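Participant: Let me give you the structure first, and then I'll get to my questions.
Laboratory data are not the source of any read-out in this text; all were calculated from the coordinates shown. Just so we're clear, the structure is a prediction, and the values are computed from it rather than from any experiment. Because the Cβ atoms are built from the backbone with ideal geometry, glycine has one as well, and the counts that use them run over all protein chains shown.
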Amino acid sequence: MSTSHDPCCQPDLLHPDAAIPLLLGQVNAITATEVVQLPQALGRVLAEDLVSAIDLPPFANSSMDGFAFRYANWQPDSPLTLVGQSFAGHPYQGQYQAGTCIRIMTGAPVPTGYDSVQMQELAQVDGTQVTLAAVKGVGENVRQRGEELSQGTKVLTQGCQIGAAEMGVLATIGVPQLKVLRRLKVAFFSTGDELMPVGSELGQGQIYDSNRYSLQGLLSRAGVDWLDLGVIKDDPEAIRQAFMTASREADLVLTSGGVSVGEADYTKQILDEEGQITFWKLAIKPGKPFAFGHIAKAIFCGLPGNPVSSMVTFYKIVMPVIHKLQGLPPQPVIRINAELQQAIRKHPGRVEYQRGILTTSAEGVATVATTGSQGSGMLTSMTLANCFIVLDQMQGDTPAGTQVIVEPFNYILD
C-alpha cells in the first residue's frame, strides 16, 4: 500500500536533522532477549540493570609496594619491627602486634590491625628494623574495601552497550553471563541487470556491485547480524520475492538505488505495492533520494544508488535507526572546528558532507582538507577520508582559512 502523500513531488527538501526524529518516531526497539556468556558479550545491549554482588575491592589492599603499619603506633625516627609479608594471592596470616610492620606488595591484602602503607622508597630498612619517613596520615596508599563499589550498587544500567571496559568491570565483580537484547537482523540486496558479482568478467555496460560490500562492512561494525541476498535482476517477481524474504528474515531491510524521483524500475513499483513506504527528498549532498517505511514486520530504508551517497546516507540517516532498533539511546555526533586548507565551491540548497582529511598542526591547530574531487560515484574519496566537512544548507562558496565544522566518521560505529 502506498502513501497518499509523496514528499518527492514537493519542491522543498527536508533537512536531514529534521528527518531523523520523523523516522525515529516510527521505530521501536527490539525487545526479545537472550543470555550470553561474558566472552560473547562485546557489543551487546544490556537488557536489565546489573548490581554488584560483592564489595569492590573485596578487601582492603595496598596501592603501592611498601610497608603496612598502624598509623597510631608510628613515630618519626622510631623504627618498626618487620614481622612478615603480604603478597597478592598470599596474604599475611599472623596477628597484629604493636610496633610492627609488614612487607606488602601492590594489590596484596592489608592485614587486620594495619591501616596504612608507606611506599618502599620512603622507608629505610636495617635488617628487621624499618624506619618510615614522611608519613602523611592514616589510610595512606590503601584501597579500602568497597571504595569503588559496595555490594548492591548498580554497576551497569539497562540499555548499556557492552564495551571492553564494561567486560572488565563485569569480570571484576564475578558476572559470568548476562541478559542482553538479541542481535538486530538486517537484510540487504542490490538490483540491476548491469551489476555483476566480484570475480566475474564484465561485459559491455556492466559494473561490479560495490554497495553490498560497503554495507557488509558498515553493518559488521554496527554489531548486527546481516543477511546478504545478493544481486537481484530487473525482474519484478524476483524483486518481489527478495523483499518478501528480507522482510520475513530481518528486522531492517536495506537496498541501494531504485528510489529516485521518476525512476522507471521495478523496485519503486513493488515498494508501492507491498509496503507502506514514503519517498523522501532530503537536503543532503551527496544523497537526496531516500525511502523509509515498513514491509510486513520489517523497517525499510532505501538508500541512493551512488556509492558515496549510499555510505553518507547510511552514516547520517540509517545509523540512528539502527541504534534505536538495537535499544540504544541517541548517539551524540562529535563535531569540532577546523581550519579549511583550500577553498570549497558550493551552491546553497543542501547540507553537504564533503570528505575530508583532518590533521593537527605542530601548533595544535585542527586543520582539514578535502580528499579532492567529491563526485558521488567516487568511492575512493571515502578510503582517503577520516571525516566529513559539514557545510550548512544555505552556505555558499567557502574560502580557505574559514573555520568549518568537521565530523570524524570512523568513530560513529565503534
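Participant: At what distance in nm do the modelled label points of Ala400 and Gln97 sit from each other, each positioned 7 Å from its Cα along Cα→Cβ?
Facilitator: A separation of 8.0 nm, rounded to one decimal place.
Participant: So how far apart, in nm, are the two label points at Thr153 and Ala343 if each is 7 Å from Cα heading toward Cβ?
Facilitator: Label-label distance for Thr153 and Ala343, simple model: 5.9 nm.
Participant: Also: Under 13 Å between alpha carbons, and skipping anything fewer than 8 positions from Lys316 in its own chain: which aspartates and glutamates qualify?
Facilitator: Output for Lys316: Asp17, Glu352, Glu407.
Participant: How long are the semi-axes of the equivalent ellipsoid of segment 212-351, taking √(5λ) for every eigenvalue λ of the Cα gyration tensor, in whole Å from largest down? Intermediate values should be presented prior to the final figure.
Facilitator: Values: eigenvalues 153, 75, 36 Å².
Ellipsoid semi-axes (Å, largest first): 28, 19, 13.
Participant: Right, next: For the chain, modelled as a GNM with alpha-carbon contacts under 10 angstrom, which of Thr313, Thr131, Thr191 fluctuates the most?
Facilitator: Largest GNM mean-square fluctuation: Thr131.
Participant: Please compute the modelled spin-label separation between Leu384 and Gln26, points set 7 Å along Cα→Cβ, answer in nm with one decimal.
Facilitator: 3.7
Participant: Take the alpha carbon gyration tensor of segment 61-143, find the square roots of its eigenvalues, order them as a ≥ b ≥ c, and report rounded if a/c is under 1.5; if not, report prolate when a/b exceeds b/c, else oblate. Intermediate results must be reported in sequence, preceding the final value.
Facilitator: Details: a/c = 1.42, a/b = 1.27, b/c = 1.12.
Rounded, because the longest to shortest axis ratio a/c is under 1.5.
Participant: Between segment 150-194 and segment 82-109, what is the separation of their alpha carbon centroids in Å?
Facilitator: 41
Participant: Rounded, prolate or oblate for segment 119-221? Axes are the square roots of the Cα gyration tensor eigenvalues, ordered a ≥ b ≥ c, and the cut-off for rounded is a/c under 1.5.
Facilitator: On the way: a/c = 6.24, a/b = 2.79, b/c = 2.24.
It is prolate, given that a/c is not under 1.5 and a/b is the larger ratio.
Participant: Taking +1 at the Cβ of each Lys and Arg and -1 at the Cβ of each Asp and Glu, which of Gln342, Thr402, Met378 sits farthest along the dipole of segment 336-413 towards its positive end, judged by Cα position relative to the Cα centre?
Facilitator: Met378
Participant: Here's another thing I want to ask about it. How high is the FRET efficiency between Tyr71 and Leu38 when r is their beta carbon distance and R₀ equals 35 Å, given to the nearest 0.05? Show your work: numbers first, answer last.
Facilitator: Details: r = 40 Å, r/R0 = 1.13.
It comes to 0.35.
Participant: Treat every Asp and Glu Cβ in segment 260-321 as -1 and every Lys and Arg Cβ as +1, leave all other atoms uncharged, and give the resulting dipole magnitude about the Cα centre to the nearest 20 debye.
Facilitator: 360
Participant: Same structure again: Only loop residues by DSSP count here, and only those with at most 11 other Cβ atoms within 10 Å; note down the GluC sites (Glu not before Pro) in segment 200-251 that meet that. Don't skip to the answer; put the middle values down first.
Facilitator: On the way: sites: Glu201, Glu237, Glu249; in loops: Glu201.
Those satisfying the criteria are Glu201.
Participant: Treating only the Cβ of Lys, Arg, Asp and Glu as charged (+1, +1, -1, -1), what charge dipole size does segment 336-413 show about its Cα centre? Round to the nearest 20 debye.
Facilitator: On the way: 4 positive and 6 negative charges, 48 e Å.
Using Cβ point charges on Lys, Arg, Asp and Glu, segment 336-413 gives about 240 debye.
Participant: Excluding same-chain residues fewer than 8 positions from Lys154, which lysines have a Cα within less than 17 Å of its Cα?
Facilitator: The qualifying lysines are Lys179.
Participant: Label segment 336-413 by shape, choosing from rounded, prolate and oblate, from the square roots a ≥ b ≥ c of the eigenvalues of the Cα gyration tensor; if a/c is under 1.5 it is rounded, and otherwise prolate applies when a/b is larger than b/c, oblate when it is not.
Facilitator: Working: a/c = 1.57, a/b = 1.11, b/c = 1.41.
Cα axes put segment 336-413 in the oblate bin.
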